[in-house]
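K.L.:
Encoded as structure tokens, here's the structure I'll be asking about.
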Amino acid sequence: MSDVLLQAENLSKTFGNGVRAVSDVSLTVHKGETLGVVGESGCGKSTTGKMLLGLLAPDSGSVTFDGVPLAGLGRGRLRALRARLQVVPQNPQTSLNPRLRVRQSIEFNLRAHGMERAARRPRILELLERVGLTAVQAERYPHELSGGQLQRVAIARALATSPDLVVCDEAVSALDKSVQAQVLNLLAGLQAETGVAFLFISHDLAVVEHISDRVAVMYLGRVVELAPASQLWADPRHPYTRALLSATPGQGRERIVLSGDLPNPADPPSGCGFRTRCPVAETACQTEWPPLAEAAPSHQAACVHVSPVAVPG
Amino acid sequence: MTALTEAASLPDTTTISKPRRRRMTASATAAAVVVVLIVLTALFGPLLVGDPVAGDTAHRLLPAGTAGHVLGTDGQGRDVLARLVDGTRLSLLAGLIPVLFAAIVGTGLGVTAGLSGKWGQRLIMRTLDVFYAFPAVLLAIAIAAALGSGLSNAIIALAVILVPPVARVAETETRRLVDLDYMEAARASGASRSAIALRQVLPNVAPPVVVYCTALIGLSIVYSAGLSFLGLGISPPTPEWGLMVSEHTQYIYSAPFLAAIPALAILVASVAFNVLGDGLRDLLDVRGEVRA
């Protein structure tokens with residue numbers, strides 16, 4: 001397919017302390033789309049994001065950006081490629097260097113890709129204007145700005161080198177609901193304007209549903225369900241997704257309360273990692289983690305109940 | 001009435017404002033004045049006093065307050081004030097140059113170690129730890145003795161022993177930063193490692209290093225005076241505070257306060273730089289700039 005921008009295949013990462021953060025994750029981001037990645041904290045979504053950015057080497061599996069495998073690149077070519085692959089970090093208070101003015105933070109990225117000094121200033125003002133800030137804020141330090149403004153600057157910085165993909169790692173999670181909505185609308189507007197693709201990582205299903213074209217649900221280091229946002233919302237197939245959706249208020253869904261805690265990722269249960277909390281678990285679930293299977297056209301779920309048996313209830 | 005005025009002057013809460021005014025304390029301001037006076041004395045003082053080396057053995061050990069010799073004369077009849085003022089130059093140089101060297105080299109090593117992987121970091125920091133095996137003064141004496149006496153060798157010895165503590169400060173600060181979001185964004189930006197070190201890390205590491213080094217100047221003055229006292233620094237008859245203490249102690253029974261004069265100068269300079277360092281800490285707001 002020609003419109004595939006980023007392809008991750010069978011990514012796995014185990015940390016030195018034995019925590020299997022990510023197991024066998026495959027994701028595809030198409031040009032100009034937003035892929036949401038949702039899951040509880042500790043489910044490996046941020047680790048996946050770091051591997052997609054090439055900031056963390058996977059133990060196995062590969063990341064291919066626009067046809068180029070990241071693993072094979074030398075440092076110089078990887079640096080050049082980074083102009084097209086950017087990040088908006090989670091915490092507005094730490095996403096900008098406290099000792100640099102807003103202008104300097106954005107300038108750093110422009111300079112990294114060799115933009116002339118004379119061209120930088122107008123570009124910075126253009127970027128700030130695009131995210132709803134002014135030249136006044138360009139000379140401010142981070143502590144002089146509000147959380148929403150800080151995240152706008154982080155977005156402007158990510159967009160500085162006209163990237164094709166921006167990984168937003170919990171980019172709005174620390175913001176108030178009203179500010180969240182503003183920033184989400186800003187991201188949607190920027191996408192319409194520039195055709196940038198987003199990988200939007202969040203624990204907040206409502207936020208992800210609002211902005212994403214497709215959504216991947218992660219549990220204990222694996223993708224358990226992958227579907228177009230509207231379809232996932234209307235017809236969730238994996239019991240974990242159902243439980244998540246039922247916890248989102250105002251949906252009129254019957255509340256499914258999961259028992260127990262997230263298992264220790266250093267010592268996961270045998271078979272399906274979700275079976276210890278799953279309301280529909282059976283003996284078959286103890287042997288292996290079911291692979292992602294087609295539940296509907298372009299809708300995959302990793303559950304023994306998905307195919308061919310219809311999920312009860 | 002009061003309540004009304006207070007309500008009217010509530011701060012603007014739309015931005016995260018800094019509650020703390022950046023202002024130096026009174027003691028730090030006083031220390032800054034003393035430091036400026038010391039620097040001015042070193043620059044222009046020698047023009048105002050007489051020859052610090054010319055002695056007149058007929059007027060040995062005159063007490064302070066004698067006409068023509070405000071602080072009296074030393075054992076060879078030389079004017080103590082002239083020697084004290086002239087000695088400011090070398091004492092200050094011996095305080096500043098080693099610290100300047102240690103600040104540059106120590107910051108470079110510390111930042112490099114902090115940004116390196118596990119093995120690079122260990123290699124640099126464990127090597128510097130060797131210096132901690134000996135008391136700093138003893139090490140300075142050993143190095144100065146090995147190199148031979150003289151001002152430049154004393155300065156080299158001091159520079160070497162001051163590098164490890166500065167490197168530690170820089171490395172600790174760098175490692176505090178490496179996992180922060182903006183450093184990840186900097187790595188993801190595609191900038192080179194040196195650009196990240198210079199433009200992202202250094203602005204954060206510089207303030208604590210400057211604060212630390214300001215206090216080190218006082219220490220360096222004391223150490224260099226110590227080396228001169230032991231005969232490992234300046235050679236006579238050039239005036240320097242440590243050397244003067246050494247010379248004056250010979251007359252501790254006949255003129256007990258003579259040795260106290262240069263010793264007091266060392267004390268004042270050392271305390272002034274230390275207090276100034278504390279003041280800079282508040283002024284530069286070292287620590288707590290990230291209030292997440």
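K.L.:
Cβ-Cβ below 6 Å, separation at least six or inter-chain, first residue in region B:118-141 and farther than 23 Å from B:Ile221 by Cα, second assigned to a helix (DSSP H, G or I) and at pLDDT 85 or above: which pairs?
P.N.:
Qualifying pairs under 6 Å: B:Gln121/B:Ala113; B:Ile124/B:Leu109; B:Ile124/B:Ala113; B:Met125/B:Ala113.
K.L.:
Among the residues of region B:162-184, which ones are facing chain A (nearest Cβ under 7 Å) and in a helix (DSSP H, G or I)?
P.N.:
Within region B:162-184, B:Asp181, B:Tyr182, B:Glu184 meet the criteria.
K.L.:
Tell me the residue from B:Arg187, B:Arg176, B:Arg281 that is touching a residue at least 60 places away in the same chain (Cβ under 8 Å) and either of a type outside the set (A, V, I, L, M, F, W, C) or in contact with a Gly (Cβ under 7 Å, 6 or more places away or on another chain) (or both), please.
P.N.:
Just one listed residue meets the conditions, B:Arg281.
K.L.:
Could you check, for region A:69-85, whether at least one of its residues is outside any helix (DSSP H, G or I), surrounded by 20 or more Cβ atoms within 10 Å (Cβ to Cβ) and within 11 Å of another protein chain (Cβ to nearest Cβ)?
P.N.:
yes
K.L.:
Kindly provide the set of residues from region A:37-68 that are within 11 Å of chain B (Cβ to nearest Cβ), assigned to a loop (DSSP other than H, G, I, E, B) and under 22 Å from A:Val215 (Cβ atoms), ordered by number.
P.N.:
Across region A:37-68, the qualifying residue is only A:Leu53.
K.L.:
Would you please name the residue that is surrounded by the most Cβ atoms within 10 Å (Cβ to Cβ), looking only at residues in region B:185-200 that are more than 9 Å from every other protein chain (Cβ to nearest Cβ) and aliphatic (A, V, I, L, M)?
P.N.:
B:Ala197
K.L.:
Working only within region A:1-25, note down all residues that are assigned to a strand (DSSP E or B) and surrounded by fewer than 16 Cβ atoms within 10 Å (Cβ to Cβ).
P.N.:
Listed by number, the residues that qualify are A:Val4, A:Asn10.
K.L.:
Looking only at region A:274-313, count how many residues are at pLDDT below 80 and farther than 24 Å from A:Gln231 by Cα.
P.N.:
0
K.L.:
So which residues in region B:125-184 are among the basic types (Lys, Arg) and surrounded by fewer than 17 Cβ atoms within 10 Å (Cβ to Cβ)?
P.N.:
Correct list: B:Arg126, B:Arg175, B:Arg176.
K.L.:
So B:Tyr253 ticks every box in (1) of a type in the set (Phe, Trp, Tyr); (2) surrounded by fewer than 22 Cβ atoms within 10 Å (Cβ to Cβ); (3) assigned to a helix (DSSP H, G or I) but one. Which box is left unticked?
P.N.:
Every listed condition holds for B:Tyr253 apart from (3).
K.L.:
Residue by residue through region A:1-43, note down the ones that are of a type in the set (Gly, Ala, Ser) and over 15 Å from A:Leu56 (Cα atoms).
P.N.:
A:Ser2, A:Gly18, A:Ser26, A:Gly32, A:Gly36, A:Gly39, A:Ser41, A:Gly42
K.L.:
Given the structure, is B:Ala31 in contact with a helix residue (DSSP H, G or I) (Cβ under 9 Å, 6 or more places away or on another chain), touching a residue at least 40 places away in the same chain (Cβ under 8 Å), among the hydrophobic types (A, V, I, L, M, F, W, C) and farther than 18 Å from B:Thr249 by Cα?
P.N.:
Spelling it out, B:Ala31 is indeed in contact with a helix residue (DSSP H, G or I) (Cβ under 9 Å, 6 or more places away or on another chain), touching a residue at least 40 places away in the same chain (Cβ under 8 Å), among the hydrophobic types (A, V, I, L, M, F, W, C) and farther than 18 Å from B:Thr249 by Cα.
K.L.:
Given the residues A:Leu110, A:Leu184, A:Leu165, A:Leu100, which is the only one that is at pLDDT 90 or above and touching a His at 6+ places or on another chain (Cβ under 7 Å)?
P.N.:
A:Leu184
K.L.:
Among the residues of region A:128-155, which ones are of a type in the set (A, V, I, L, M) and under 21 Å from B:Met183 (Cβ atoms)?
P.N.:
The answer is A:Leu145, A:Leu150, A:Val153, A:Ala154, A:Ile155.
K.L.:
Take region B:224-235 and flag every residue that is surrounded by fewer than 21 Cβ atoms within 10 Å (Cβ to Cβ) and either polar (S, T, N, Q) or closer than 16 Å to B:Arg89 by Cβ (or both).
P.N.:
B:Ser235
K.L.:
Next question, about the same structure. Scan region B:34-54 for residues that are in contact (Cβ under 8 Å) with a residue 40 or more places away in the chain and in a loop (DSSP other than H, G, I, E, B) and jot them down.
P.N.:
Once the filter is applied, which keeps residues that are in contact (Cβ under 8 Å) with a residue 40 or more places away in the chain and in a loop (DSSP other than H, G, I, E, B), region B:34-54 yields B:Pro52, B:Val53.
K.L.:
Give the number of residues within region A:231-271 that are surrounded by 12 or more Cβ atoms within 10 Å (Cβ to Cβ), more than 16 Å from A:Glu40 (Cα to Cα) and modelled with pLDDT of 85 or more.
P.N.:
Number satisfying all stated conditions: 6.
K.L.:
Also, quick follow-up: Quick test of your reading of the structure: A:Val172 fulfils all but one of (1) among the β-branched types (Val, Ile, Thr); (2) at pLDDT below 90; (3) in contact with a strand residue (DSSP E or B) (Cβ under 7 Å, 6 or more places away or on another chain). Name the failing condition by number.
P.N.:
For A:Val172, the failing item is (3).
The values are calculated or read from the model by the stated rules, or taken from the named source; none is laboratory data. Owing to the predicted nature of the structure, the values given are computational and were not obtained by experimental measurement. Quick reminder, even Gly has a Cβ in these numbers, built from the backbone with ideal geometry, and neighbours come from all protein chains shown.
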